[in-house]
Amino acid sequence: MVAFGVLGPVRAETGAGAVPLKGPRHRAVLARLLIARGRVVPVDRLVDDLWPEPPRGAVAAIRTFVSDLRRALEPDRPPREPAQVLVTAPPGYALRAAPEAVDAWRFEDAVGAAARHLAAGRPAPALAALEEALTLWRGPAYAEYADQGWARAEIDRLDELRMLAVERRAEALLALGRAADASADLQAHARDQPLREDAWRLLATALYRSGRQGDALAALRQARQTLVAELGLDPGPRLRQLETDILAQTADLGLGSGPRLRRLETDILAQTADLGLGPGPVRPFFGRDAELARLDQAAGSVARHGRPVLALLSGDPGAGKTALAEALTRRLTARGWTAQWVRSPEYEGAPVSWPWLDEAATAEDPAVARFRARRAAVAQLTAKAARGPVLLIVDDLHRADEGTLDLLAALAGEEWPGLIVGTFRATEITPELTAALARFAPAEPVRVYLAGLSEAATAELARTVARQALDAPTAQLIHRRSGGNPFFVRELARLLAAEGGTALRQVPAGVRDVIRHRLARLPDPAQTVLRQAAVLGRDVDPDVLAALAGATPVLDALDAALQAGFLAEDGPGGWPRFTHILVRDTLYADLSALRRAHWHAAAGAAIERLHPHDVAALAHHFAQAASRDTAARAARYGRVAAEQAERRSQPHEAARLWRQTIAAHDRTAADVRTAADVCTAADVRTAVDVRAAVDVRTAWPPCWGWVARLP
């Protein structure tokens, strides 16, 4: 039997040793077929996945790769004997591997078996299964293909499954009374995954059971600070309850087993929330009247016709999707509606949070399980609807598993009086969610997209958070820097309240951390191109960026950045533009001074070749390069740009450019007369317009050294 390894570099082995897989495209074909998990992958899809721009003869090349792989995987197969492993299945190929033949599949089975052991109160076999499973990892899953779109979803799923395995191993250790062993691993896990509430909850529990109550409370405080700083959210109810239990020294919290640990497992496997007012405290809510009215109108249709209506609520991270759903919940529950909240877990593929599915999901046949889940959900919702219409909020669909999405599509087609509201991040649409959105289409869902707040709503939100009056320029600055994103607005308002108006030129720490977290999800080439784009400013000239990026595939990187919501195509002439100036400022501030200067010089050289008449941009980039090699060009273009600013009646801009020009002369070996002429021109011209002092020694201190050297 051929065994395949994907938890690390892709490989194949037989009893005789490693299978030679030839070149990188042979390995890519094998990886792509393994990800399909036995399903047929059409030849056209293989071509598109292997080549950004398929060459002529690509289909023939695929056939050659498949033929070579067949010989390598089944070297003893007689001529003209049909292949048994890599088979032809119109319109493409499929890999027929046994479930135990692929390390990732064995790992997934082991994690599922461990969950069943834990739920049945058998921590010892759960621990053994998980420890053996975690040894299968030799490196990042599908290590060579992390930057390939066709592999990204599977890589993310396996990474999340590995983190779930780490947490379930900790649960098993806790159940066996080995809290100290669990806390050692959990500290590193929580540090690496600071947004996973389960990681913090397990860590705090392990520390408490190890006799470290103070450290347990410190871990919970750190979790709170991280969630508030990075996401603007308070910890969930389970973390808050755990903190209360630790402070009260609840009796069964310190036990190695018992009802509380069993409840801990149940909570992880089914994150239930049946709430009347939505999750968490009421947050400031402004500027979404039109969107709230559309959802309210959908609720009215439910009340009139007694049939379900599906509403899809999307937007960027921090746009206020959950806050809008909470506002809708408050409005409808005040009218007698019953509200049900369902949250997707922080990791893809984890058990879903439907509170009525525990029994329905135990059927061995997947088709039977889906049918029972659908019947159980409809029965539960129908029972609730007997008391009045039901509002079902399904939060974070971008993290929902396929079963949840299937059930949601089914519920939209049933007969029960309810409004279903699904929220998701428009920048993180998974392949599963893409397929689900297509299935939702026949239900004709109400679609609501949350763009940035208006300037007036931004000002109102900022005033509320900062607890102080804002003058018009300050409100406009907050709106411009935040793009109206409510999370960014709140962070800027907090910064304003803490440090005053001058601090608004900074990027708040919470915003920086969120942006960096989102950036880390992009492939490395896309991250590099985005950082280079930040050097160019908020509006990005693709031609200049391509020259700056060199051999990096800029179009692929820009597509990834656009899809992730870092850029939008609304700049001049359809150029990409950073969606928020805070995004651009964060990327730019994170560059080292040396790299920043090098990229400014390269940008200046590209603009000099492509747009030689854009003297303002040339002056800026060569001045920011701040090197002796670029100083002469910085001075030359700076003087021309300053003169242009004078002709446009922009004296303050002219003064800034003259100062920039003089500073550039200081870095050159220019003759005294040339530099002094620049200083004299700068002093005379700008002093009249800006009404500054005429004395060159006070108006232009950098010039005094040059003027003093005149013969």
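Each reported figure results from applying straightforward, stated rules to the coordinates on display, with no laboratory input. Quick caveat: nothing in here was measured; it's all calculated off a predicted structure. Ideal geometry is used to build each Cβ from the backbone, glycine not excepted, and the neighbour counts take in all protein chains shown.
Model label points for E569 and E144, set 7 angstrom from Cα along the Cα-to-Cβ axis, are 3.3 nm apart.
When the inverse distances between all different Cα atoms of region 1-163 are averaged and flipped, the Kirkwood radius reads 16.9 angstrom. Across region 110-165, Cα-Cα pairs more than 19 Å apart make up 38 percent of the total. As a proxy for reagent exposure, ranking L130, L562, L161 by other Cβ atoms within 10 Å from fewest up yields L562, L161, L130.
On full extension, the segment bounded by Q187 and W51 gains 44.8 nm, given 0.36 nm per residue less the C-alpha separation. Residues M1, M163, ranked from the fewest to the most other C-beta atoms within 10 Å, line up as M1, M163. Multiplying the residue separation of Q222 and A60 by 0.36 nm and subtracting their alpha-carbon distance yields 52.7 nm. Report the Cα centroid-to-centroid distance between region 32-98 and region 380-425 in angstrom, as an integer. Centre-to-centre distance over Cα atoms comes out at 40 Å. Near D585: Cβ cut-off under 11 Å, other residues only, Lys/Arg at +1 and Asp/Glu at -1. The net charge is +4. What does the charge count near R463 come to, summing +1 for each Lys or Arg and -1 for each Asp or Glu among other residues with Cβ under 13 Å from its Cβ? Residues near R463 contribute 0 overall.
In this rough spin-label picture, where each label sits 7 Å from Cα along the Cβ direction, the Q468-E402 distance is 5.4 nm. When you restrict to C-alpha pairs under 8 Å that are six or more residues apart and normalise by the size of region 1-163, the relative contact order lands at 30 percent.
Sort K321, K384, K22 so that the residue with the fewest other Cβ atoms within 10 Å of its own Cβ comes first and the one with the most comes last.
K22, K384, K321
Label positions at L555 and E414, each projected 7 Å from the Cα along the C-beta direction, are separated by 4.7 nm.
With N counted as the residues of region 120-242, its alpha-carbon radius of gyration over 2.2 N^0.38 Å works out to 1.15.
In a fully extended conformation the segment linking Y449 and D629 would gain 59.9 nm over its present Cα-Cα distance, using 0.36 nm per residue.
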